[in-house]
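I have placed the structure first, in the form of structure tokens, so that the comments after it can refer back to it.
The values are calculated or read from the model by the stated rules, or taken from the named source; none is laboratory data. What you see is a predicted model; the values in this text were computed from it and never measured. Positions of Cβ are generated from backbone atoms using ideal geometry, with glycine treated the same way; all protein chains shown enter the neighbour counts.
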Amino acid sequence: MRFLRVTLAAVLVLAPVLPARAWVPERTPHRDADSAAATLTSRPAARGAVPGIVIARGGVTLLSLNATRAMTPASLMKLATTTAAMLRFGPTHRFQTRVTAIRTGRASAVSDLYLVGGGDPTLATEAYRRARFLPKPTDTIKRPAFASGSPTIEQLAARVAASGIRAVRGDLVADDTLFDAVRTQQGWLPSYLGPEPDTGLLSALTVNEGRGDLRGKTIVDSPTTAAAQALRTALGARGVTVAGKVRAGRAPRAAVTVGRVTSPPLAQMVDFINRYSVNYHAELLLKSLGASFGGAGTTAAGARIVREALTAEKIPLDGFRMLDGSGLSLLDRATPRTIAALLNRILTGKGAAWAALRASIPAAGEPGTLLRRMTAAPTGGNLRGKTGQVKGVRAMAGWVTASDGIPIVYVAVFNNAAHPFTLTAPLDLFGLLLARYPDSGSR
């Protein structure tokens, strides 16, 4: 009872800053869940912020606060993007980047060479791959981004050379027409593309995630031509000369493939997106959904496919508004109820796609966004949570196996937070209290 008394005392002392509908733990059937939510919302960091909270077990809601309010979800939006992608493409799907040419027989010279983007955000130079996707010597847990490896522009050049081509008399043409030419998203802040960028400019043909340096501190003005320039350099290193220039264009239908590389399986890409909250990959994935299933490589077409996929899974979408794939947009909206239903579906779904989605949600104390959070028992290795933060927003949602062995699905979103980062510690405390449920002393 000491735990409950302390929690209740905090609620009573801070009652003036709580929402109008406060909790009285002794009078409710789920007083542990109530006290956990009350403790979270009563922290000083939460004052003035609008909370959206859902706590549920086995599909039954134990507690909700503003559950049907449309809120800015930040990176929780990636849950919708990756779920739809996994359901539509399947966990083994790979994206291709091809080089094509009009070629007569095995002639060693061609007029033009075409680099055709397939929406793969993992294509990189070898140097960038090592810097970004492979573990560092200082990493405590040496886990590569992609277990099966990822494609490089050097590999692609080697395959073109292996086809027998030695000279390009004309131009190297960069074809990014799988997607539209819109490089940003509605609701993005200019700072996202400034120093220490949150994402790069979007393109169906890209290398190094649209970044201009190995540390990812800058972005390139044209990811499309940057990819073609990287290929030209790699071809030259393998004895393939390009006489003309690099330019944008469309590959002719009659062109044949003379080299190709493929992305890691989608399951590994989704793991990377959710585990590390990778914005660029989520954005390209959304446009790929539109290109493959929605009739156009646009964000709007991709968002329609996401809505269709979630509706088919009976996820309630009242108030849902998707203007990008990563959650960077301040115009995105989702209710805590929608997020909780989606998480419950991920938690309980059968088959390889759902298993891959479950594994992609970061675990406390393990590689990902929760590596240094809630590392000790009972949360370490037990609590899983997708995190999110943009201007005025802090969020964490996932599940944790409680002390009685039954998982609890939780969603905690704060909007209009003056200092979102200061909500990290209260969210961690919230996770700890849920992990102790129902052995928190209230029984």
Meets criteria (in the same structural domain as Val173 (by TED's automatic domain parsing), over 23 Å from the mean Cα position of the chain (by Cα) and free of Cβ contacts under 8 Å to residues at least 40 places away in the same chain) for Arg253: yes
List the strands (runs of 3 or more DSSP E) inside the range 31-126, counting only whole elements, that have at least 3 residues being under 21 Å from Leu235 (Cβ atoms), at pLDDT 95 or above and not hydrophobic (A, V, I, L, M, F, W, C). 96-101
With the condition kept exactly as written, say whether any residue in the range 270-281 is in contact with a His (Cβ under 7 Å, 6 or more places away or on another chain) and farther than 30 Å from Ser108 by Cβ. yes
Report those strands (runs of 3 or more DSSP E) wholly inside the range 329-441 carrying at least 2 residues which are under 16 Å from the mean Cα position of the chain (by Cα). 384-390, 393-401
Could you say whether any residue in the range 225-244 is part of a loop (DSSP other than H, G, I, E, B), closer than 30 Å to Ser75 by Cα and assigned by TED's automatic domain parsing to the domain that holds Val173? no
Residue in the range 138-156 that is free of Cβ contacts under 8 Å to residues at least 40 places away in the same chain and aliphatic (A, V, I, L, M) present: no
Looking only at residues that are surrounded by fewer than 17 Cβ atoms within 10 Å (Cβ to Cβ) and hydrophobic (A, V, I, L, M, F, W, C) in the range 217-247, which one is nearest to the chain's Cα centre (by Cα)? Ala237
Of all residues in the range 379-425 being without any contact (Cβ under 8 Å) to a residue 40 or more places away in the chain and charged (D, E, K, R), which is surrounded by the most Cβ atoms within 10 Å (Cβ to Cβ)? Arg384
Name the one entry in Gly327, Gly388, Gly381, Gly365 that is on the phi > 0 side of the Ramachandran plot, in contact with a Pro (Cβ under 7 Å, 6 or more places away or on another chain) and modelled with pLDDT of 95 or more. Gly327
Unique match (being among the small types (Gly, Ala, Ser) and surrounded by fewer than 24 Cβ atoms within 10 Å (Cβ to Cβ)) among Ala282, Ala352: Ala352
Output for the range 197-234, where each listed residue is closer than 24 Å to Thr299 by Cα and acidic (Asp, Glu): Asp198, Glu209, Asp221
Checking Ala161 against (1) assigned to a loop (DSSP other than H, G, I, E, B); (2) within 24 Å of Arg238 (Cβ to Cβ); (3) of a type in the set (A, V, I, L, M, F, W, C), only one condition comes out false. Which one? (1)
Here the qualifying pairs (Cβ atoms under 9 Å; residues six or more apart or on different chains; first in the range 293-312 and closer than 15 Å to Leu79 by Cβ; second among the acidic types (Asp, Glu) and buried (at least 17 other Cβ atoms within 10 Å of the Cβ)) come out as Ala303/Asp324
With in contact with a strand residue (DSSP E or B) (Cβ under 7 Å, 6 or more places away or on another chain) and basic (Lys, Arg) as the only criterion, which of Arg345, Arg337, Arg304 stands out? Arg337
Of all residues making up the range 245-262, the number that are within 23 Å of Arg94 (Cβ to Cβ) and outside any loop (DSSP other than H, G, I, E, B): 7
